[in-house]
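Worksheet: the structure to be examined is printed underneath.
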């Protein structure tokens, strides 16, 4: 069964409680494969993905993420990192400071939607001490952890949260013109 992209976009939720059911390597690779098809500035593809199953590493990330313990309870955690030197080779300081973050954000969204389409649950965690996460993951200088994504099978079904109306967020030609 294939999920329509709009169904995936509207149906995906941030899940913070997971069952003990395992997540296969094949499912993880499908998520990462979807991520690598995200757009990137100059097709530089500055993303790096760290797949974590080790309980101690997950615990370290949970601590770095302000004690968000659901991170360590997920069967798998994927950390999306931005390779700043790779982006800067094509775009200098703007590549290192902005484009690599935009690119990894697009890759992260692709992963979340792919997981949802496969019946998996995820949560995009951005609240963490970046230096501490980098230490736990042993990332080299210039490879920034930008998203922590716990992956598993949902043990909860979060409610749909409200969205701002289209009329509130669309401007025509210049900001403020409705």
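Read-outs: derived from the displayed coordinates by stated rules, not from any lab. Small disclaimer: the values here were computed from a predicted structure and weren't measured. Cβ atoms come from the backbone with ideal geometry, glycine included; neighbour counts cover every protein chain shown.
Could you give the Stokes-Einstein D for the stretch 1-154 in µm² per second, using the C-alpha Kirkwood radius, 4 °C, 1.567 mPa s?
Diffusion coefficient, whole number: 83 µm²/s.
From the P(r) of the stretch 87-137, could you give the percentage of C-alpha pairs in the tail past 14 Å? Don't jump to the answer; show the numbers that get you there.
Values: 854 of 1275 pairs.
Tail of the P(r) past 14 Å holds 67 percent of the pairs.
Using a 10 Å cut-off around each Cβ, can you sort 36, 13 from fewest to most neighbouring Cβ atoms?
36, 13
Whole angstrom only: what separates the Cα centroid of the stretch 41-89 from the Cα centroid of the stretch 127-178?
13 Å
Let me have the relative contact order for the stretch 1-80, percent, based on Cα pairs under 8 Å that are six or more residues apart. Show your work: numbers first, answer last.
Numbers: 57 pairs, mean separation 28.4, N = 80.
Answer for the stretch 1-80 is 35 percent.
In percent, what relative contact order does the chain have, based on Cα pairs under 8 Å that are 6 or more apart in sequence?
Across the chain, relative contact order equals 32 percent.
When the label point is put 7 Å from the Cα of residue 129 along its Cα-to-beta-carbon vector, which residues of the stretch 58-92 have a backbone N closer than 13 Å?
60-68
Extension gain residue 51-residue 21, at 0.36 nm per residue separation less the Cα-Cα distance, in nm? Kindly include the intermediate steps, with their values, before the conclusion.
Values: separation 30, 0.36 × 30 = 10.80 nm, distance 1.70 nm.
In short, 9.1 nm is gained.
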